[in-house]
1. With an 8 Å cut-off on Cα pairs and a minimum separation of 6 or more residues, tell me the relative contact order of the range 10-116 in percent.
2. Specify, per residue and in Å³, the volume enclosed by the convex hull of the alpha carbon atoms belonging to the range 10-116.
3. Measuring from centroid to centroid over Cα atoms, what is the spacing of the range 77-116 and the range 17-37 in Å?
4. Which peptide among 205-216, 99-110 comes first, and what is the full order, when sorted by highest mean count of other Cβ atoms within 10 Å?
5. Per 0.36 nm of contour for each residue apart, how much would the distance between residue 75 and residue 139 grow if the chain were fully extended, relative to their Cα-Cα spacing?
6. Share of antiparallel DSSP beta bridges in the range 1-105, in percent to the nearest 5?
7. Show me the ranking of peptides 360-371, 14-25 by mean Cβ neighbours inside 10 Å, starting with the highest.
Ligand SMILES: Nc1nc2c(ncn2[C@@H]2O[C@H](COP(=O)(O)OP(=O)(O)OP(=O)(O)O)[C@@H](O)[C@H]2O)c(=O)[nH]1
């Protein structure tokens, strides 16, 4: 296992850029998320640095003036880690490290680190390890390899290159080995999935921290780990759930995030198979988050990547207990530019226009509208069941609709 970046109690600064055509308030929101990621990894953010640029500096990502400001702060406050909100090239990372003389991480690095901390099972650990090595491979030449350190960092040519090549080969071999290990586990899991019989499969999907595990607990009355940190769930949990007399399988999956490192999507393919093979998706959204629409887009993008975007889907807007209507600017009121989505009813109308009845507004924590939720899930599962077994729907004869249960 690659050594984890230990951010515990480490003082950290965040650095983000915004290009001319992006809004600066968006950047603050992105950095809020990066700060939450840093907190999840165990770091404490002392300051954020932002810069508006035409394009990132190819050598140091941010301009030299801003870099000086960062350097000054890093020295003065003995900062251990500088975290960039975007992926840095191996050369940029090395150059910045030389200037700041502290650990320099990018967003991918940080997410990989959190995944490494959170992986519970040997399968999850293997998947993260693979992603870490794939991230490491193109960066080897830019890193302080053991030989380079021995030679005090002088010279990268001649024998140094050979050494790096050896390191590369070791990493490549390791990657091949991990891939084999994962393939073997994937095969086992495929068999297990096949053995689960013909029950309808439902998967909870959504951005990280939206409340998927909490909802899983509410609906299946099981105890799935839920925590106000990102990526509490890395391993897939599958539970058999029975609503009324209708059994189905419910899966809680790893949370998605904006710019999820491609290495992770790649190595978590097996885990994401649960989503790919699901008959119904419950796309959970945290409606109290200011960026929730963007989160929906990120999730849809990943669903697209894993060819799962055309499945029957219920949109479940969670955390309605925390939803705060947007404050309307009085000037906007005068010019009638008021936002069309100020209340939950507005949002409901918009989403029902887009998706018909497949939209729900709930609070998993406060158990608001949970009965509605169960009813919608019941009806959606029943519909799939009937389509799948057209001659066998006598299995659940007593329910034409959810409301007609007979005791
Ligand atoms: N206010 C409020 N908080 C909620 C609600 N549902 C979940 N939470 C909280 O949101 C946090 C994240 O919940 P989880 O269930 O772990 O979220 P998740 O989507 O499984 O998270 P990942 O594992 O990161 O993907 C926890 O602190 C929950 O208590 C809700 O309806 N209202």
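1. Relative contact order comes out at 34 percent.
2. Details: hull volume 9.5 nm³, N = 107.
Spelled out: Cα convex hull of the range 10-116, divided by residues, is 89 Å³.
3. 17 Å
4. Values: 205-216: 25.4, 99-110: 20.4.
Averaged packing, sorted descending, gives the order 205-216, 99-110.
5. 20.4 nm
6. Numbers: 1 of 18 bridges.
Beta bridges within the range 1-105, antiparallel portion: roughly 5 percent.
7. Values: 360-371: 18.3, 14-25: 14.4.
Output ranking for 360-371, 14-25: 360-371, 14-25.
Just so you know, all these numbers are worked out from the coordinates, no wet-lab data involved. Keep in mind that what you see is a predicted model, and the values were worked out from it rather than measured. When we count neighbours, we look across all protein chains shown, and the Cβ atoms used for this are built from the backbone with ideal geometry, even at glycine.
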